[in-house]
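Visitor: Would you mind keeping the following structure in view while I ask a few things?
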Amino acid sequence: MLPFNTLLTIQRTAAITSFLAGALVVAVVIFLITTSSTSEDKTSVKHKVYKLRGRYFFVLTLCVIAGLFISLRLLPYTKFQEKPDEIVTIVAMQWAWKMAPGISDKSPADFEGSNEITLPAGRHIQFNVTSSDVNHDFAIYNSKGVLIAQTQAMPQYHNKLEHYFSEKGDYHILCLEYCGMPHAFMVGIIHIN
Ligand SMILES: [Cu+2]
């Protein structure tokens, strides 16, 4: 959670920015109304606009190509294309989590795991998530109560969730899919050290 002062500043900045953008739109409209005339020769205007449109298209294309080139390199996909450092099997059940390192060849119902697990910080971890009964949702919260990663836990499906825990500490696992009365008590812990 951001401190209240920071939130206020972000809100103020957003308000000022939208006010200035609104004022700019109004100014452009007023400019167009005051400078437009009905008697001007439309052919020469059309010619001017079409010429400008060609240049505008060219500049816009260059901007899009440059934007794609810069932003595509920043996407985190390549980071997760390597083999994970560690694989953890997660089985959700009414109303607990079974977690254990490695890939399990047992059925979700027979799989044995604990509600608590310890994992290393700064490693590429892949969670292999499934369910032994109904739909659940495997959601990881940090110590400040912020949701940092989540995926559905579904019977007969194995969803892969990859995450780097850059900070040490205790992370809580909550279920984000209502799965019955004690759903809210379905809490697991991941210790990162
Ligand atoms: Cu639930």
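Visitor: Quick one: dipole size for region 101-180, taken about the Cα centre, charges +1 on Lys/Arg Cβ and -1 on Asp/Glu Cβ, in debye to the nearest 20.
Guide: I would put it at about 280 debye.
Visitor: For Tyr56 and Lys168, calculate 0.36 nm times their separation in residues minus their Cα-Cα distance, and state this gained length in nm to one decimal.
Guide: 35.3 nm
Visitor: What FRET efficiency, computed as 1/(1 + (r/R0)^6) with R0 = 41 Å and r the Cβ-Cβ distance, is obtained for Ile103 and Ala15, rounded to the nearest 0.05?
Guide: 0.20
Visitor: Follow-up. Which whole-Hz ³J(HN,Hα) couplings does region 130-145 yield from phi under the Karplus relation 6.51 cos²θ - 1.76 cosθ + 1.60, θ = phi - 60°, glycine and proline marked x?
Guide: 9, 9, 9, 9, 9, 6, 10, 9, 7, 10, 9, 10, 7, 5, 8, x
Visitor: Could you tell me how many degrees, from 0 to 90 and to the nearest 10, lie between the Cα long axis of helix 42-74 and the main elongation axis, the longest principal axis, of the Cα atoms of the chain?
Guide: Taking the Cα atoms of the chain, the angle to 42-74 is about 20 degrees.
Visitor: So, one more: Treating the Cα atoms of the chain as identical point scatterers in vacuum, please give the log10 of the normalised Debye intensity I(q)/I(0) at q = 0.17 Å⁻¹, two decimals.
Guide: So the normalised log intensities work out to -1.13.
Visitor: What nm distance separates the two modelled labels at Leu75 and Leu24, each placed 7 Å from Cα along Cα→Cβ?
Guide: Calculated label separation equals 2.9 nm.
Visitor: Another question, then. Out of Thr118, Thr34, Ile148, whose Cα points farthest toward the positive end of the dipole of the chain (charges: +1 Lys, Arg; -1 Asp, Glu; placed on Cβ)?
Guide: Highest projection toward the positive end goes to Thr34.
Visitor: At a temperature of 10 °C and a viscosity of 1.306 mPa s, determine how fast region 103-193 diffuses translationally according to Stokes-Einstein, using the Kirkwood radius over alpha-carbon pairs as Rh; express D in µm²/s, rounded to the nearest whole number.
Guide: It comes out at roughly 116 µm²/s.
Visitor: Right, another one. Work out which GluC sites (Glu not before Pro) in the chain are exposed loop sites (DSSP not H, G, I, E or B, at most 16 other Cβ within 10 Å) and give the longest gap free of them.
Guide: 113-166
Visitor: What angle, in degrees between 0 and 90 and rounded to the nearest 10, separates the Cα long axis of helix 4-35 from the longest principal axis of the Cα atoms of the chain?
Guide: Its long axis makes an angle of about 30 degrees.
Visitor: On a 19 Å Cα-Cα criterion, which of the cross-link pairs Lys106/Lys168; Lys98/Lys168; Lys83/Lys160 come out too long?
Guide: Distance filter (> 19 Å) returns Lys106/Lys168; Lys98/Lys168.
Visitor: Rounded to whole Å, give me the distance from the Cα center of region 23-90 to that of region 118-192.
Guide: Value for the Cα centre distance between the two parts: 39 Å.
Visitor: Straight-line reach from Lys51: which aspartates and glutamates fall under 17 Å, measuring Cα to Cα and dropping same-chain residues less than 8 apart?
Guide: Those aspartates and glutamates meeting the cut-off are Asp41.
Visitor: While we're on this one: Would you please state which residues of region 110-144 a label at His158 would reach in this model, taking the label point 7 Å out along Cα→Cβ and a backbone N cut-off of under 20 Å?
Guide: Inside the label zone: 110-114, 124-139.
Visitor: Shifting gears a bit: Translational D (Stokes-Einstein, µm²/s) of region 4-77 at 25 °C and 0.890 mPa s when Rh comes from the Kirkwood sum over C-alpha pairs?
Guide: After rounding, the answer is 145 µm²/s.
Visitor: At a 10 Å Cβ-Cβ cut-off, how would you order Leu20, Leu161, Leu176, fewest neighbours first?
Guide: With the fewest neighbours first, Leu20, Leu161, Leu176 line up as Leu20, Leu176, Leu161.
Visitor: Connecting C-alpha atoms closer than 10 Å in a GNM of the chain, tell me which of Ala109, Ala153, Ala66 has the biggest fluctuation.
Guide: Ala66
Visitor: Going by amide H atoms built from the backbone, whose H comes under 5 Å of the H on Arg123, apart from near neighbours?
Guide: Phe165
Visitor: Taking the simple approach of a point 7 Å from Cα along Cα-to-Cβ for both Val45 and Glu116, what is their distance in nm?
Guide: For the pair Val45/Glu116, the computed spacing is 7.6 nm.
Each value in this text was obtained by applying a stated rule to the coordinates, not by laboratory testing. Source: prediction; values computed, not measured. With ideal geometry, Cβ positions are generated from the backbone for all residues, glycine too; neighbour counts draw on all protein chains shown.
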